[in-house]
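Derivation of every value follows stated rules applied to the coordinates shown; laboratory data play no part. Everything numeric here is computed off the predicted structure, so don't read it as measured data. Heads up, the Cβs are rebuilt from the backbone with ideal geometry, glycines too, and the neighbour counts pull from every protein chain shown.
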Amino acid sequence: MSESLLIADVKSFLITHAYGSAKAMPRRHLLYHLRQQGHSICDRRLRKVYGQGGELEGKVGSSLRGLFWIVTADDRKIAQGLLHSKAMSELVREKEIRDGGMVGQGELF
C-alpha cells in the first residue's frame with residue numbers, strides 16, 4: 001500500500017477515535033487498525049510516519065495514555081511536555097555517561 005494511503009488511514013483513525021488528548025488511544029490500537037486495513041507496518045515505522053515531517057507533523061500528539069489528534073492549545077502543551085520530559089532525561093543520561101568517562105577512567109578515546 002502507498003504511503004499516502006497509510007497517512008490518510010492514520011489521520012482518519014485519530015480524528016475518529018482519538019480527537020483530543022482526553023481521548024488518547026494506545027499506539028497498539030492504531031497499529032492493530034492499520035494491519036486490519038492491510039498495511040504491513042511495525043511500531044518503528046508508525047512512529048516515523050507521524051513524527052518526522054510530512055502531512056501529520058505537528059498534528060499528532062502523545063501522552064502517557066497514548067496518541068491523539070491535537071485539537072486545542074492544551075493538547076499541544078500536553079504533547080510538548082512529554083517530549084520535553086523525554087529529551088531532558090536523555091540529556092541527563094548523556095551527561096552521566098560523559099562524566100563517568102572522566103572519573104577514574106582517563107581518556108577513553
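Here are a few things to note about the model shown:
- Qualifying aspartates and glutamates (Cα of each under 13 Å from Cα of residue 48; at least 8 residues distant if same chain): 3, 57
- Estimated at 0.36 nm per residue, the fully extended path between residue 99 and residue 55 surpasses their Cα-Cα distance by 11.8 nm.
- Each peptide in 66-75, 26-35 was scored by the mean count of other Cβ atoms within 10 Å over its residues; highest first, the order is 66-75, 26-35.
- For the chain, the mean residue ellipticity at 222 nm estimated from helices alone is -19500 deg cm²/dmol, where every DSSP H run of n ≥ 4 contributes -39500 (n - 2.57) and the total is divided by all residues, rounded to the nearest 500.
- With loop membership from DSSP and a limit of 12 other Cβ atoms within 10 Å, the longest segment of the chain without GluC sites (Glu not before Pro) is 1-56.
- Column: log10 I(q)/I(0), Debye, Cα scatterers of the chain, q = 0.24 Å⁻¹: -1.32
- Kirkwood Rh and Cα Rg combined as Rg over Rh, evaluated for the range 22-68: 0.96
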